[in-house]
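These notes concern the structure reproduced below.
The values are calculated or read from the model by the stated rules, or taken from the named source; none is laboratory data. Keep in mind it's a predicted model, so treat the numbers as computed, not measured. Backbone-built Cβ (ideal geometry, glycine too); neighbour counts: all protein chains shown. Surface accessibility is based on the protein's heavy atoms, side chains included, excluding ligands, DNA and RNA. Shrake-Rupley method; radii C 1.70, N 1.55, O 1.52, S 1.80 Å.
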Amino acid sequence: QVVYLANQDAPATYELYSVPVDGSALAVKLNPALVGNGNVSSLFEISPDSATVIYRADQVADDRFDLWTVPIGGGAAVKVNGDLISGGDVSSFVISPTGLHVVYLADQGNDEIFALYGAPIGGGSWWNVTPPNITQGDVVEYRITSDGSRVVARADRVVDDRFELYRSRTDGSLATVPIGTTPVVDGDVLGFALSPDGQVVVYLADLDVNGVMELFSFPIDSDDPADNQQLNGDLAGGGDVDGGFVLSPDSTRVVYVADQELDGHSELYSSSVLFGPGLRLNPDLPGLSNVALDPLITADSARVGYRVTHASGLGSTELSSVPLGGGSATLLSPVPASGTWTTQRQVEAAGGAHLFFEFQSTDDSATRIYRAAGAGGELIEIGPVLDVASGEAFSWLVPTADPR
C-alpha cells in the first residue's frame, strides 16, 4: 500500500488515502468527513506491520488537532489521545518499534505545557508517560528505545528553560526519573541519540562549563551519576563539540565533529560509546579547511563517510571515508581538472557499504549523482546529468533498501 495526503476531493481540504502499489484497486479515503475547514496534517505514519495508519487532524473541531488510528485499508477511525483542554493539541507522535503503542506529545491537560502520553495503537485508552509539570516546563524532544520499552525525553521539568534528560517506561508503569548528571547553572542538554541496541544514551551538553558543549554518554537503565562518561578529549580554548554526532549501527562507537584541537577548526573523531577520549579520524587538514557536520557510518559499522570543505584555494568540498576505529582515509569524490566543485547530500545505501552523493562542478556547470564503495576503488556515475546554468537541480536523494 501507498498512503498519501492530497486535496483530490476538495481543493481546500487535504485528506488521507491508501492505494495498492500495483494499482489493482482504487484509492480509499482513510479519514471520515472532516469538520468545516478541517484538514489532515502532513504528520502520519504506518505501523511496523503495515496494518494501521496513525494520523493527526483537526477532524472534529477546527484548529484542534487530535491523533487518530485507522486500518490501512480503510475503516472506522478511532481517537488515540485523551480529551484535550481548551487550546490543547497533539503536536507530534512516535509509533513504538513493536507496533503495540503510540507515544504522543500534547498539551492535553495544561494549555501550552507539553507532556508525553501513551496509548495502544488501536486507541481506546491512554496513560501518562511523563506527567505534566506544574511549572511552564515542556518536553521538547523524545525517542523510544529499539525494543519499545522505554522513552528518553529532553525536558525542562525541574527548572524552566534548563533542559535535562529523563527516562520513562513506554507503558507508563514506572515514574519518570532523571538520567545523566545535572548541568551547571544555565547549562543544558542540547541534543541526544540512543544507541541502536537501546542501552546507552549519548548526549551533547554544557555540563561542566556554561557555553562549552561536550559529548557524554550514560547507560539508560543506570541510576548512578558516576556512570556518566565524557567522550570527547580536552578541548582547546574556545573549542566545542559541534553537534554533528552519529552512533554506529553496532552500538559500539560514536563519531563526532569538534574543534577539539584548535578553536574554529572542525575535525572528525571516533569514541567508544562507553568511555572516552575519542581519537581523530581525519588526516591533518589545511588551516582553513573543516569537516562538515554531517558524517555518516556505513551499515556494516566499518567506515565513516565525511565531507571536508576547503575555505581557501578552490573553495571546494570533497567526500572521503575512513575506518570507524581509525586508519588511512580514502578520497571518494572525483577531482575535476579545474574549477570549483561541491560534494553534497551524501546518502548511504541502506543495504550495504556504498555511499550515494551529488557532485556539482563548475568545469561544465553540471551536477551528477555518483555511487561510491565506502572503502574506495569503485565510483559509478548514475542518473541524468543536470545543467546548473539552466536551473536544473536534484531536490533530494534517498537510497533503496539494497545497494543498487
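Within the stretch 356-364, does at least one residue satisfy the condition of being under 25 Å from the mean Cα position of the chain (by Cα), within 16 Å of residue 298 (Cα to Cα) and either open to solvent by less than 50 Å² (accessible area, probe 1.4 Å) or charged (D, E, K, R) (or both)? Checked against the condition, which is being under 25 Å from the mean Cα position of the chain (by Cα), within 16 Å of residue 298 (Cα to Cα) and either open to solvent by less than 50 Å² (accessible area, probe 1.4 Å) or charged (D, E, K, R) (or both), the stretch 356-364 yields at least one hit. Within the stretch 20-44, being among the β-branched types (Val, Ile, Thr) and over 28 Å from the mean Cα position of the chain (by Cα) holds for 28, 35.
Determine which member of the set 147, 161, 138, 107 is over 21 Å from residue 225 (Cβ atoms), at pLDDT 90 or above and open to solvent by 30 Å² or more (accessible area, probe 1.4 Å).
Just one listed residue meets the conditions, 147.
Only a single criterion out of (1) crowded, with 18+ Cβ neighbours inside 10 Å; (2) more than 25 Å from residue 281 (Cβ to Cβ) is not satisfied by residue 391, namely (1). Criterion applied to 238, 264, 233 was being in a loop (DSSP other than H, G, I, E, B) and closer than 19 Å to residue 294 by Cα, and the one residue passing it is 264. For the stretch 174-197, the candidate set comprises residues that are part of a strand (DSSP E or B) and open to solvent by 50 Å² or more (accessible area, probe 1.4 Å); within that set, the residue that is modelled with the highest pLDDT is 190.
Taking the criterion of being assigned to a loop (DSSP other than H, G, I, E, B), open to solvent by less than 20 Å² (accessible area, probe 1.4 Å) and closer than 23 Å to residue 251 by Cα, the residues of the stretch 293-332 that qualify are 295, 298, 301, 324.
Could you tell me whether residue 211 is assigned to a loop (DSSP other than H, G, I, E, B), on the phi > 0 side of the Ramachandran plot and open to solvent by 60 Å² or more (accessible area, probe 1.4 Å)? No; evaluated as a whole, the condition is false for this residue. The residue of the stretch 244-261 that is most open to solvent (accessible area, probe 1.4 Å), among those that are assigned to a loop (DSSP other than H, G, I, E, B) and over 23 Å from residue 225 (Cα atoms), is 261. I'd like the residue in the stretch 58-74 that is of a type outside the set (D, E, K, R), part of a loop (DSSP other than H, G, I, E, B) and more than 19 Å from residue 28 (Cβ to Cβ) and, out of all such residues, is nearest to the chain's Cα centre (by Cα). Ranking the candidates gives 65 first. Among the residues of the stretch 241-255, those identified as modelled with pLDDT of 95 or more and charged (D, E, K, R) are 250, 253. Of the strands (runs of 3 or more DSSP E) that lie entirely inside the stretch 99-173, those containing 3 or more residues that are among the charged types (D, E, K, R) span 164-169.
With respect to the conditions (1) in a strand (DSSP E or B); (2) surrounded by fewer than 20 Cβ atoms within 10 Å (Cβ to Cβ); (3) not aliphatic (A, V, I, L, M), residue 55 lacks only one, and its number is (2).
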